[in-house]
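What follows is one structure encoded as structure tokens, with my remarks underneath.
The values are calculated or read from the model by the stated rules, or taken from the named source; none is laboratory data. Here the structure is a predicted model, which means the values were calculated and not measured. Neighbour counts are summed over all protein chains in view; Cβ atoms, including those assigned to glycine, are modelled from backbone coordinates with ideal geometry.
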Amino acid sequence: MTSSFRTIIVTGFFLTALIMPGAVQAAVPVSENSCGREGGLVSLLPSDICSLEDVIATVIDLIVQVGTILLVLMLVFTGFKFVAAQGNPEEIKSARESLTWVIIGGLLLLGAEALSLVIKATVQTL
């Protein structure tokens with residue numbers, strides 16, 4: 001299997017994983033939400049979004065959810081790189097670098113969620 005073919009398959013898999021949750025959520029009809037809005041583009045928003053704080057929390061939750069999916073997929077891909085290396089020192093070095101970046105990405109994802117919760121708690125106390 002060539003490298004470009006693998007890249008196309010992995011990219012297609014990532015795009016499918018990103019698009020499917022949105023397609024499922026878009027199929028749910030919304031008539032009126034808890035803020036009293038109805039119809040139009042507003043109906044695409046979740047029903048519990050009424051303020052800027054809710055929008056920011058929803059965006060961060062979406063980023064964390066998509067990031068978690070990507071993190072798991074990249075962890076599997078890194079494991080595949082270790083297996084495919086078959087003892088080749090250069091390939092193992094590349095797989096270790098990938099694992100390092102996946103771990104850093106996971107820590108950034110956790111840090112973003114923790115920072116979001118700290119800021120939200122601070123704003124609510126004001």
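Checked against (1) in contact (Cβ under 8 Å) with a residue 60 or more places away in the chain; (2) over 28 Å from residue 11 (Cα atoms), residue 54 passes all but a single condition, namely (1).
Results for (1) touching a helix residue (DSSP H, G or I) at 6+ places or on another chain (Cβ under 6 Å); (2) farther than 24 Å from residue 58 by Cα; (3) modelled with pLDDT of 90 or more; (4) among the aromatic types (Phe, Trp, Tyr), shown as yes or no for each residue.
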site	(1), (2), (3), (4)
72	no, no, yes, no
75	yes, yes, yes, no
79	no, yes, yes, no
86	no, yes, no, no
94	no, yes, yes, no
97	no, yes, yes, no
108	no, no, yes, no
114	no, no, no, no
122	no, no, no, no
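Remark: pairs (first residue in region 107-126, closer than 24 Å to residue 71 by Cα; second residue of a type in the set (Gly, Ala, Ser); Cβ separation under 6 Å; 6+ apart in sequence or on different chains) = 109/67. As for region 64-82, it holds at least one residue that is farther than 18 Å from residue 11 by Cβ and either outside any helix (DSSP H, G or I) or over 16 Å from the mean Cα position of the chain (by Cα) (or both).
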